[in-house]
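Just below is one structure, and these are the notes that go with it.
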Amino acid sequence: MKRYTTLSLFFVLISFYTMAQKVNSSWNNNMVIAHRGAWKQNNLPENSIAALKQAIKLKCYGAEFDIHMTLDSVIVINHDHDFMGMPIATTAYQTLLTKKLANGESIPTLENYLKTGMKQKRTKLILEIKPQKLNQEIDLKLTRKVVAMVKDLKAEAWVEFISFGYDICREIIVQMPKASVAYLGGEVAPEKLKTDGLTGFDYHFSVLKKNDWITSAKKIGLSTNVWTVNSAEDMQWFVDKQIDFITTNEPELLFKLLKAK
């Protein structure tokens, strides 16, 4: 009886391990990150729910998106600090709703965007926290609210963080030590990023063409991402360098190039 129980326990543990492996390997295994979602080919609004859904349909590894906080502390998805002429940081959310995106969508909230992305387990949500150009405390407040929402929705497995704000990156790590956090600024060497607890960089292609940071980052276990690469020639250059991810407005073109290899 004791032997039977031990054997049963063994198979239960193996079953749990197999299930965990399936979950961990469910994400799309490619280097394609759709910049502001997959919007260009189908003329969709950037950072829209429709663009997110298209990135998921294309089976991109990730869909990148940008967030800001309204005057009344609603977190919304938009690239610029203004939405159709209205400064997001000094405008109430209900006022933003008076204008629509080209496809009829309202400006998405972070909550809605995350919930939409969490309906699948193939495409990651690459969440960029924008410095608000007001003061550091506002940036840190936004960061804490974002991390809290990710935790409340149990969206940790879906979300990877990026930011041009180094203080924002470090605050994410304080609030969520196991988060994937990459810096966008381009001036910090991989060794410094590693020391400060970041998991990678996401630098402009001009920065990465001037140095060998891809190689040095890989040697110390950092992830490597490049933005925003839209020509086949530049894509091929970074593919040849074995970069981990390429953020692009042309995910279809990148998939075509990768398929041709």
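The values are calculated or read from the model by the stated rules, or taken from the named source; none is laboratory data. No experiment lies behind these values; they were computed from the predicted model shown. Glycine also receives a Cβ, built like all others from the backbone with ideal geometry; neighbour counts cover every protein chain displayed.
Could you list all residues from the stretch 206-244 that are in contact (Cβ under 8 Å) with a residue 60 or more places away in the chain and farther than 18 Å from Val188 by Cβ? Outline the logic, then answer.
Applying the first criterion (in contact (Cβ under 8 Å) with a residue 60 or more places away in the chain) to the stretch 206-244 yields 225, 227-228, 239, 243-244.
Once the filter is applied, which keeps residues that are in contact (Cβ under 8 Å) with a residue 60 or more places away in the chain and farther than 18 Å from Val188 by Cβ, the stretch 206-244 yields Thr228, Val239.
Are any residues in the stretch 105-138 under 12 Å from Ile75 (Cα atoms) and part of a helix (DSSP H, G or I), and if so, which ones?
Leu110, Glu111, Asn112, Tyr113, Leu114
Within the stretch 111-132, does at least one residue satisfy the condition of being on the phi > 0 side of the Ramachandran plot and out of contact with any Phe, Trp or Tyr (no Cβ under 9 Å at 6 or more places or on another chain)? Break it down into steps so the answer makes sense when it comes.
Filtering the stretch 111-132 for residues on the phi > 0 side of the Ramachandran plot gives none.
No.
Lys151 is checked against (1) closer than 24 Å to Tyr61 by Cβ; (2) crowded, with 23+ Cβ neighbours inside 10 Å and fails just one. What number does that condition carry?
Only one criterion is unmet by Lys151, namely (2).
Output the residue which, of all residues in the stretch 108-140 that are at pLDDT 95 or above and over 25 Å from Pro45 (Cα atoms), is surrounded by the fewest Cβ atoms within 10 Å (Cβ to Cβ).
Leu140
Residues of the stretch 76-86 being under 24 Å from the mean Cα position of the chain (by Cα), surrounded by fewer than 19 Cβ atoms within 10 Å (Cβ to Cβ) and assigned to a strand (DSSP E or B), which ones?
Asp82
Hey, among Ile56, Ile33, which residue is in a strand (DSSP E or B) and at pLDDT 95 or above?
Details: Ile56 fails: in a strand (DSSP E or B).
Only one candidate qualifies: Ile33.
Quick one: which of Ala102, Ala89 is in a loop (DSSP other than H, G, I, E, B) and in contact (Cβ under 8 Å) with a residue 40 or more places away in the chain?
On the way: Ala89 fails: in a loop (DSSP other than H, G, I, E, B).
Ala102 is the lone residue from the list that is in a loop (DSSP other than H, G, I, E, B) and in contact (Cβ under 8 Å) with a residue 40 or more places away in the chain.
Could you grab me the full set of residues in the stretch 158-175 that are without any contact (Cβ under 8 Å) to a residue 40 or more places away in the chain and either in contact with a Cys (Cβ under 7 Å, 6 or more places away or on another chain) or under 22 Å from Gln120 (Cβ atoms) (or both)?
From the stretch 158-175, those without any contact (Cβ under 8 Å) to a residue 40 or more places away in the chain are 161, 163-171, 173-175; that's our starting set.
Within the stretch 158-175, Phe161, Ser163 qualify.
I need the full set of residues from the stretch 63-75 which are of a type in the set (Val, Ile, Thr) and either without any contact (Cβ under 8 Å) to a residue 12 or more places away in the chain or not in a strand (DSSP E or B) (or both), in order please.
Thr70, Val74
Which of the residues spanning the stretch 90-101 are farther than 30 Å from Asn30 by Cβ and either crowded, with 17+ Cβ neighbours inside 10 Å or in contact with a Phe, Trp or Tyr (Cβ under 8 Å, 6 or more places away or on another chain) (or both)? Step through it out loud before you land on a result.
In the first step, residues of the stretch 90-101 are kept if they are farther than 30 Å from Asn30 by Cβ; the result is 90-100.
Residues satisfying the conditions are Thr91, Tyr93, Leu96, Lys99.
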